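What follows is one structure encoded as structure tokens, with my remarks underneath.
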Amino acid sequence: MASFDAIASRRSAVADVKSPSLDVAAELSRLEGLTNFELRSEWRRLHSMQPPKSLSRNLLLHGITYKIQERAFGGLSKSVLRRLSGAAPEVPGSTTRKALPATVKPGTRLVREWNGQSHTVLVHADGVEWRGKRYRSLSVVAREITGAHWSGPRFFGLDARSK
């Protein structure tokens, strides 16, 4: 059985290892006592840039505490960063091209034949008109005509994929 002194020395050795959560908690409590000038200086030190001039004390604290926690525990994962940047994961061997968005000027008439019936839509600045009734988008009209979900621009031949 281990002696009392050996157990006590092991416990003190474990206590000497700094825990990131303890350091972060101490740092966060220290920040509360800083002036706005000191907080701006801390921001410059951590972010390597000037803080925005109109940033409130509360937002300064949030930005500084995030940086401290990021350094102690690590930043965002690669998948989260990818989602935030809007970049989709690339699949090897695929060449995806986005179609250019179709811009249709107000006053344009779009005609589409569906099940032997001709449908004419008049484009307005704030929506479209079909059969004398206003709709907010072409997709709503396409759904009314077909009874299924359609991309309005694709249904009316404005999307490059439909050609």
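Assorted remarks:
- Pairing each residue of region 67-82 that is without any contact (Cβ under 8 Å) to a residue 24 or more places away in the chain with any residue that is part of a helix (DSSP H, G or I), provided the two are 6+ apart or on different chains, yields C-beta distances under 6 Å for K67/L46.
- Filtered residues of region 75-107 (kept if at pLDDT 80 or above and under 23 Å from P153 (Cβ atoms)): V104, K105, P106, G107
- Residue satisfying all of: in region 40-66; of a type in the set (S, T, N, Q) and not in a helix (DSSP H, G or I); modelled with the lowest pLDDT among these: S54
- Scanning region 121-148 for residues that are over 13 Å from P106 (Cα atoms) and touching a Lys or Arg at 6+ places or on another chain (Cβ under 6 Å) yields no hits at all.
- Sub-6 Å Cβ pairs linking a first residue in region 119-130 that is in the same structural domain as A142 (by TED's automatic domain parsing) and in a loop (DSSP other than H, G, I, E, B) to a second residue that is surrounded by 15 or more Cβ atoms within 10 Å (Cβ to Cβ) and at pLDDT 95 or above, at least 6 apart or interchain, number zero.
The values are calculated or read from the model by the stated rules, or taken from the named source; none is laboratory data. It should be emphasised that the depicted structure is a prediction, and the values quoted were computed from it without experimental measurement. A quick note on method: Cβ atoms are made from the backbone with ideal geometry, for glycine too, and the neighbour counts reach across all protein chains shown.
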